[in-house]
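To start, the structure itself, in structure tokens.
The values are calculated or read from the model by the stated rules, or taken from the named source; none is laboratory data. Predicted model, so just to flag it, every value in this text is computed and none were measured. With ideal geometry, Cβ positions are generated from the backbone for all residues, glycine too; neighbour counts draw on all protein chains shown. Quick note on the areas: whole protein, heavy atoms, side chains included, nothing else; ligands and nucleic acids left out. Shrake-Rupley method; radii C 1.70, N 1.55, O 1.52, S 1.80 Å.
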Amino acid sequence: MLLISVACAFLFAGCGNGGAEDLYLSKVSYVVCPVDGQDIDMYVVSSDCSVIHYLIRATDDLDIKELFEGKFPEGGFSSERQQITEQDWEKLQSVVNETEFIYLPGEVSDSEMAADSGSSYIEIKTDMIKHLAGGHNAGFGRDKANKKYRSVADVLNTALGN
């Protein structure tokens, strides 16, 4: 009887959600790579609602994942600053938590779409963790991972005016 009471207490207190806690984001980076040969857009959105938009020239030897480490091609990019609203930041943080983005696989792709479509990647950072997900046609598949990825990408695109 005591065991049942403890289980019910956890359930009603909200502790039965698998231990998932809300993440408090410090930064979200979003890379959009259109079809081959076109420039790449990278947006770095910080918790103070500031955004740095990088326009990066695509080259054959460019490693997309290096962009998340701050390694840009020499002379092959430009940047501009912009802002998003606090409501946009709160919505972004909310959808990242609702979708449990931190648990998405690193590779979120849809192989059924045309091979010449682009790719995108999203990296979230907190004070203690970071997680990168995305890939070719990321967010356009019908599985749960693609739908969750698309939810976060849609909020980013709306906030950034894309």
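For Ser79, only one of the following conditions fails: (1) under 23 Å from Val95 (Cβ atoms); (2) not in a loop (DSSP other than H, G, I, E, B). What is its number? Evaluating Ser79 over (1) under 23 Å from Val95 (Cβ atoms); (2) not in a loop (DSSP other than H, G, I, E, B) leaves (1) as the failure.
Ser117 meets the conditions (1) within 15 Å of the chain's Cα centre (by Cα); (2) open to solvent by 20 Å² or more (accessible area, probe 1.4 Å); (3) hydroxyl-bearing (Ser, Thr, Tyr); (4) under 24 Å from Phe140 (Cβ atoms) in every case but one. The failed one is (1).
For the range 14-41, filtering for residues that are open to solvent by 20 Å² or more (accessible area, probe 1.4 Å) and either modelled with pLDDT under 80 or not acidic (Asp, Glu) (or both) leaves 18.
The residue that is nearest to Glu21 (Cα to Cα), counting only those in the range 72-99 that are touching a residue at least 40 places away in the same chain (Cβ under 8 Å) and surrounded by fewer than 13 Cβ atoms within 10 Å (Cβ to Cβ), is Glu98. Of all the listed residues (Leu67, Leu55), the sole one being surrounded by 13 or more Cβ atoms within 10 Å (Cβ to Cβ), without any contact (Cβ under 8 Å) to a residue 40 or more places away in the chain and touching an Asp or Glu at 6+ places or on another chain (Cβ under 6 Å) is Leu55. When the residues of the range 127-151 are filtered to those that are assigned to a loop (DSSP other than H, G, I, E, B) and more than 17 Å from Val32 (Cα to Cα), the one that is most open to solvent (accessible area, probe 1.4 Å) is Arg142.
Checking each residue in the range 59-99 for being of a type in the set (Asp, Glu) and modelled with pLDDT of 95 or more picks out Glu80, Glu86, Asp88, Glu90, Glu98. Would it be correct to say that Val44 is touching a residue at least 24 places away in the same chain (Cβ under 8 Å) and either open to solvent by 20 Å² or more (accessible area, probe 1.4 Å) or closer than 15 Å to Ile124 by Cβ (or both)? Judged against the criteria, Val44 is not a match.
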